[in-house]
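Participant: Can you keep this structure in mind? I'll have questions shortly.
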Amino acid sequence: MKRTGAQMIWECLLREGVETVFGYPGGAILPAYDAMLEYPSIHHVLVRHEQGATHMADGYARASGRVGVAIATSGPGATNMVTGIATAMLDSSPIVCITGQVGSKLIGSDAFQETDVTGVTLPITKHNYLVTRAEDIPRTFREAFYIAQSGRPGPVLIDITKDAQQSTAEFDWEAAAPRLPGYRPDLRALPSEYQRAVELINTAQRPVILAGHGVLISGAMRQLAEFAEKTSTPVALTLLGLGGLPASHALNLGMMGMHGEAWVNNAIQEADLLLAFGMRFDDRVTGNLKTYAPFARKIHIEIDPSELNKNVKVDVGLVGDLREVLDELLPEVAQNEHAGWLAHIDEMKGDSAVRDIQNLPDSGQLFAAHVINDLWRLTNGEAIVVTDVGQHQMWEAQYWKHEQPRSLITSAGLGTMGFALPAAVGAKFACPDQEVWVIAGDGGFQMTMAELATIAQEKIKINVAIINNGYLGMVRQWQEFFYERRYAATPLFSPDFVKLTEAFGLKGMLVTERGQVKSAVDEARAHPGTVVMEFRVEQEDTVFPMVPAGADLNAMIRRPKPEAEVTAVQTEVAAVQTEVEW
Ligand SMILES: Cc1cc2nc3c(=O)[nH]c(=O)nc-3n(C[C@H](O)[C@H](O)[C@H](O)COP(=O)(O)OP(=O)(O)OC[C@H]3O[C@@H](n4cnc5c(N)ncnc54)[C@H](O)[C@@H]3O)c2cc1C
Ligand SMILES: Cc1ncc(C[n+]2csc(CCOP(=O)(O)OP(=O)(O)O)c2C)c(N)n1
């Protein structure tokens, strides 16, 4: 059948099962928007900034495991997408971004709103396309969706010239199968490598599993639990791996890395075998590579061969989908007991398990960690939490115990402030029946708060907790530790968040004391529409433990005992600073 290129865009999206797209119109994408009216079964969410569209698509993808779609015009519309695309790239999130482009004859002439967006996004997309002919649209879309979600997922951008949208061609979906001879998402390890892995696993005395985002992406939650139980191996999780094994599971140690639990990092440093399952040894996770896990043999199960031996040299690299690899390994590995090792890790927990939260003064004053811990308890931990970036993000990781996969959505690799509110909109569209909470700082919230208008227009229900400490908290913390408390450009003015929210026709609430938290949260949850809650918390609180960037993984700065002076922190900082690489 004949279709315009503009119609083909929607025909393709329909065939890919897309129900919702997030976007913003403009000249070069107008033919596509005009054709959209013929396809009412696809819901278009009008955002307030194209960055928001990409984060929404990303939040949609992370909550559902399906491809999220964002659409924008050329030039400024496309460049506004850049941060969201990079965010999705760093966290392996499958999104497809569609941009309009100036007419093909004008390309390279600095035409109105012309930007070489395929050039701009080349390093931050898994793949991108410039389409100049209508007949190329079906194959391009099929390839884009396939690439975005196969192998290691990631963002794909399709830039379509205005004339390609306007011209007419034959639309034959069946004939437009992907042609990607060089793309090999199906590489698998050799049997000899499996054998070597099994030997190492069966003979290890002090093994630790490092479970990452790949557990969730491949859907290997059951296999991970079975592997851990059969081999009696404790599991440390990355920030993006949280929820991959229920927090309540006896073998779940908690989060590793810069703000991970002390005993987790200590266990990694003492281990004789590390089993990295779908994680990429990010520098926030390893600390100083020269001293990382010095006694451990390493097995890395990873779908992207370029990750093997990239940061950490491993003894065995098993390329493949984690779930498939674990299915192969499970019958081969021996049932084992590591009672002594597990008891030793338990001992390392000592008083530190709840030390940080216990040491906060119980003065009725609000501390961010208390608020987040209260939110977790009051919701029974059954919500999807979408966090922004900063101190609150780390406290969420520490004090919200995630039982379910995909219950935490956070920008980890790029650490994109402004991510939470729009990503939560995407998550809500993906999972309309789930309770969705945003936890954001006063800084990050202000970056994308215009999306409250999108929320109001779409009449969706999200609960937003702004953890307002009056600072760009995480940067202030670094200034406190490493710049002698010179708070350059971190004290932060905020609007009256309650009035601001009300201006959008939504409900705003202010909470200033611990005693108000429960009733306020109950009220917010019962309210049918979106509620923005401002929690005014202690201004100069600090996330502990902390491994300074580049320091040894077990060189953690701990929260001083209540009676200790600030100088205690400074002494700890000085003690670990010798090894720091800036
Ligand atoms: C302020 C701040 C502080 C942070 N502190 C910490 C911290 O203390 N601890 C921490 O853990 N993180 C921390 N992070 C996050 C950190 O920077 C990394 O983003 C995170 O550790 C990456 O986790 P990951 O490797 O599991 O996930 P990803 O970066 O998403 O990597 C996943 C890996 O799994 C692979 N994979 C994907 N699909 C499959 C599959 N099907 N089968 C097999 N493999 C697959 C991918 O190829 C990739 O290599 C922090 C971030 C911020 C912003
Ligand atoms: C877009 C962007 N700009 C700058 C940064 C650097 N940065 C990391 S955390 C942080 C402070 C965040 O402050 P806030 O949102 O108030 O959260 P808090 O740390 O106080 O919880 C900044 C500026 C970033 N991560 N993203």
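The values are calculated or read from the model by the stated rules, or taken from the named source; none is laboratory data. Predicted, not measured: the structure shown is a model, and the values here were computed from it. Methodologically, a virtual Cβ is constructed for each residue, glycine included, from the backbone with ideal geometry; neighbour enumeration extends over all protein chains shown. Side chains included, ligands, DNA and RNA excluded: accessible areas come from the protein's heavy atoms. Shrake-Rupley method; radii C 1.70, N 1.55, O 1.52, S 1.80 Å.
Participant: Let me know the Rg and Dmax you get for segment 2-170 when you use only its Cα atoms, in Å.
Facilitator: That works out to 14.0, 41 Å for Rg and Dmax.
Participant: Then there's this: Could you pull the Rg and Dmax for segment 495-540, using just the Cα atoms, both in Å?
Facilitator: Radius of gyration, then largest Cα-Cα span, for segment 495-540: 11.0, 34 Å.
Participant: Treating cross-link reach as a plain straight distance, find the lysines whose alpha-carbon is under 16 Å from the alpha-carbon of Lys459, omitting any fewer than eight places away in the same chain.
Facilitator: Excluding near neighbours in sequence, the set is Lys428, Lys507.
Participant: Another one. Between the alpha-carbon centers of segment 165-183 and segment 451-520, tell me the distance in whole angstrom.
Facilitator: 47
Participant: Then there's this: If you count, for each residue, the other Cβ atoms within 10 Å and average over each peptide, how do 490-503, 331-344 line up from highest to lowest?
Facilitator: Descending mean neighbour count gives 490-503, 331-344.
Participant: Could you work out how far helix 137-149 tilts from the main Cα principal axis of the chain, as a 0 to 90 degree angle to the nearest 10?
Facilitator: On a 0 to 90 degree scale, this one is about 10.
Participant: Highest mean first, how do 31-44, 254-267, 148-161, 412-425 rank when packing is the count of other Cβ atoms within 10 Å averaged over residues?
Facilitator: Final packing ranking: 412-425, 148-161, 254-267, 31-44.
Participant: Within straight cross-link reach of Lys105, meaning Cα distance under 20 Å, which aspartates and glutamates are found once same-chain residues fewer than 8 apart are removed?
Facilitator: Glu114, Asp116, Glu135, Asp136, Asp159, Asp163
Participant: Now for a separate question. Would you mind putting 177-189, 228-240 in packing order, based on average other-beta-carbon counts within 10 Å, highest first?
Facilitator: Ranked by mean Cβ neighbours within 10 Å, highest first: 228-240, 177-189.
Participant: Which one, Ala169, Gly68, Leu122, is farthest towards the positive end of the dipole of segment 2-170 when Lys and Arg carry +1 and Asp and Glu -1 on their Cβ?
Facilitator: In segment 2-170, that residue is Gly68.
Participant: Continuing with this model, one more query. How high is the FRET efficiency from Glu523 to Glu458, r the C-beta distance, R0 35 Å, rounded to 0.05?
Facilitator: Computed FRET efficiency for Glu523 and Glu458: 0.95.
Participant: Give me the net charge for the shell around Tyr471: Cβ to Cβ below 11 angstrom, other residues only, Lys and Arg +1, Asp and Glu -1.
Facilitator: Charge balance near Tyr471 sits at -4.
Participant: Please give the charge dipole size of the chain, origin at the Cα centre, charges +1 on K and R Cβ atoms and -1 on D and E Cβ atoms. Round to the nearest 20 debye.
Facilitator: The dipole of the chain has a size of about 440 debye.
Participant: Further question on the same structure: Specify, per residue and in Å³, the volume enclosed by the convex hull of the alpha carbon atoms belonging to segment 62-127.
Facilitator: Dividing the Cα hull volume of segment 62-127 by its residues yields 82 Å³.
Participant: Follow-up question, since we're still on this one. Using a Cα distance threshold of under 20 Å, what count of lysine pairs results for segment 191-349 when pairs must be 8 or more residues apart or interchain?
Facilitator: 6
Participant: Using a 1.4 Å probe over the heavy atoms of the protein chains, calculate the carbon and sulfur portion of the accessible area of the chain as a whole percent.
Facilitator: Carbon with sulfur: 52 percent of the solvent-accessible area.
Participant: Specify the angular offset, from 0 to 90 degrees and rounded to the nearest 10, of the alpha carbon long axis of helix 420-430 from the longest principal axis of the alpha carbons in the chain.
Facilitator: Relative to the chain, helix 420-430 is tipped by roughly 70 degrees.
Participant: Let me ask another. Put Phe281, Phe504 in order of accessible area, largest first, 1.4 Å probe: what do you get?
Facilitator: Phe504, Phe281
Participant: Only Cα pairs under 8 Å and at least 6 apart count here; give the relative contact order of segment 352-536 as a rounded whole percent.
Facilitator: Once normalised by length, the contact order is 22 percent.
Participant: Using the Karplus curve 6.51 cos²θ - 1.76 cosθ + 1.60 with θ = phi - 60°, what ³J(HN,Hα) values do you get for each residue of segment 88-104, in whole Hz, with x for Gly and Pro?
Facilitator: So the J values, rounded to whole Hz, are 5, 5, 5, 10, 6, 10, x, 10, 10, 10, 10, 10, x, 9, 4, x, 4.
Participant: Could you calculate, for segment 191-349, the ratio of the Cα radius of gyration to the Kirkwood radius, expressed as Rg to Rh?
Facilitator: Rg divided by Rh gives 0.91.
Participant: How much net charge surrounds Leu414 when only the other residues with a Cβ under 14 Å from the Cβ of Leu414 are counted, with Lys and Arg +1 and Asp and Glu -1?
Facilitator: Local charge sum for Leu414: -2.
Participant: Further question: Quick one: grab Rg to one decimal and Dmax as a whole number for segment 70-167, Cα atoms only, in Å.
Facilitator: 12.7, 38
Participant: If you average the alpha carbon positions of segment 80-103 and of segment 363-431, how far apart do those two centres end up, in angstrom?
Facilitator: 24
Participant: Sticking with this one: Around Gly340, what is the net charge, scoring Lys/Arg as +1 and Asp/Glu as -1 over all other residues with Cβ under 11 Å from its Cβ?
Facilitator: Neighbourhood net charge equals -2.
Participant: I would also like to ask the following. Suppose we keep just the DSSP beta bridges with both residues in segment 2-170; what percent of those would be antiparallel, to 5?
Facilitator: For segment 2-170, the DSSP antiparallel bridge percentage is about 10.
Participant: Let me ask another. Report the Stokes-Einstein translational diffusion coefficient (µm² s⁻¹, integer) for the chain, Rh taken as the Kirkwood radius over Cα pairs, at 10 °C with viscosity 1.306 mPa s.
Facilitator: 64
Participant: Return the percentage of antiparallel bridges among DSSP beta bridges fully within the chain, rounded to the nearest 5 %.
Facilitator: The antiparallel fraction comes to roughly 10 percent.
Participant: Compute the separation of the alpha-carbon centres of segment 272-292 and segment 1-63 and state it in Å as a whole number.
Facilitator: 40
Participant: Then there is this: Accessible area per residue for the chain in Å², computed with a 1.4 Å probe and the full protein assembly in place, what is it?
Facilitator: Normalised by residue count, the accessible surface of the chain is 38 Å².
Participant: Nearest 5 percent is fine: what portion of the DSSP beta bridges confined to segment 352-536 is antiparallel?
Facilitator: Roughly 10 percent of the DSSP beta bridges within segment 352-536 come out antiparallel.
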